[in-house]
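All of the numbers you see were taken from the coordinates with simple rules; none came from a lab. Just so it is clear, the structure is predicted and the values come from calculations on it, not from any experiment. Don't worry about glycine lacking a Cβ; one is built from the backbone with ideal geometry, like all the others, and counts go over all protein chains shown.
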Amino acid sequence: MSSHIIYTYQHTCKIGHEAYILHNAPFKAVKKKSPNGGPIKIPFLGEGYYLWEENIEAAIRWGKKHYTNEYSIVEYIDVTIINDELLNLIDRRNIAYFKELQKIYIEKRPDSAKWRLGTWIEFFKKLRDINELKFPFKYIKADEHLPDLEEYDREKIYFADGLPYFTFFSPLLMLCVLDKKELNFKAKRFIKPNH
C-alpha cells in the first residue's frame, strides 16, 4: 500500500488578476462572526484552504453560486499527500478514530455532543497545539454529499429487499489544507472560466 496519494485539485476564488491569484491562492476560509451577534460560523471542515478533488464542474458550480459568476479557478496538479497526515472522513478507520476522540470529550463535556464537524475540528486543532491530543493531520478530506443536486450522477440499484439504493458516481470530494505551506504540488495553472 502506498504511503501517499496524488490527485489534482481545483480552488475557486473571487475573480481577479491572474498573476495575483496564481501567487496568492489558495485563499483561506476563516471563521466569521454572524451579524447581530449570533454564533461564529465555522467552515465545513474548519479553517483552512479548500480544494475540490479532480472536479472542475464542482469548482465552476461553487463560483457561479458563491461568487455570483465572478470567480477564478486555480488548478493544482499532482498534489502529494502523506497518508498519515490525512484525516480521511470517507475512510471507516479514520472516521472511527475521529469518533473515538469525540467520545472522549463528550464524556468530559456533554454539551459538545451538539457540536458540528467544523467546531470539533477547530477544538481538536487547539488541543493539538497545546500537546493534549494526538491530532497529527495537515489535511482533511470529506464528501460534501449533496444527493439532491440535479447534476449529481447516480445509478439506481436494487437489493433483495426491493428498495431503491443509489451508487453516486460524482461525489463532491473536498480537501481542506490546514496550512498553505504544506500544499505540495508539481504545477499549478490558472483556469479562465467561461462566464
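Brief remarks on what is shown
- Modelled spin labels at TYR97 and ASP179, positioned 7 Å past Cα toward Cβ, are 1.8 nm from each other.
- Order of HIS11, HIS4 under a 10 Å beta carbon neighbour criterion, fewest first: HIS4, HIS11
- Among (i) 55, 48, 35; (ii) 69, 35, 29; (iii) 51, 51, 47, the entry that matches Cα extents along the principal axes in Å as calculated here: (iii)
- Computed over the Cα atoms of the stretch 39-88, the ratio of the radius of gyration to the Kirkwood radius (Rg/Rh) comes to 1.02.
- Chymotrypsin sites (Phe, Trp or Tyr not before Pro) within the stretch 36-73, DSSP loop, no more than 15 other Cβ atoms inside 10 Å: TYR67
- Between the stretch 51-111 and the stretch 118-143, the C-alpha centres lie 13 angstrom from each other.
- Taking GLU182, GLU75 and counting other C-beta atoms within 10 Å, the order from fewest to most: GLU182, GLU75
- Separation of the alpha carbons by more than 18 angstrom is noted, of LYS41/LYS114; LYS125/LYS180; LYS14/LYS64; LYS31/LYS134, for LYS31/LYS134.
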